[in-house]
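Just so it is clear, none of the values below were taken in a lab; they were calculated from the coordinates. Keep in mind that what you see is a predicted model, and the values were worked out from it rather than measured.
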């Protein structure tokens, strides 16, 4: 049975060339917050760590609507996140461990496959690490 067939939540990594923040990658994980499906979101300045043991800063940003997972195009000047957005990778993920300030999850995407952990350090700063 394929993971998509059992309703695993989606994830997307978007390459975002923002006018203010410059090039970064947005990691988005589907979750239910207050009864509503949203995308938990982090800006990852150096992109997804693709090698086991590599750690990257991930800055927690506002949750996004689930429809944002398919967005690619240009966000007009003057709007939040103005700049160009491309879908770098997408697929589903399987939560392995969820705690208040940390989550371990397995990604099944077009480019990425493996296990990552994201852990809160302070305020909006998190560490994203590929662990398998």
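Fully extending the segment from residue 50 to residue 34 would add 2.6 nm, taking 0.36 nm per residue of separation and subtracting the current Cα-Cα distance. Taking every pair of alpha-carbon atoms in the chain, give the share separated by more than 21 Å as a whole percent. Tail of the P(r) past 21 Å holds 37 percent of the pairs. Return a whole-number percent for the relative contact order of the chain, with Cα pairs under 8 Å and 6 or more residues apart as the contact set. Taking the mean separation of contacting Cα pairs over the length of the chain, I get 24 percent. One decimal place: the segment residue 111-residue 98 gains 2.3 nm when fully extended, by the rule 0.36 nm per residue minus the C-alpha distance.
Computed extension gain for residue 125 through residue 20, at 0.36 nm per residue and net of the alpha carbon distance, reaches 36.0 nm.
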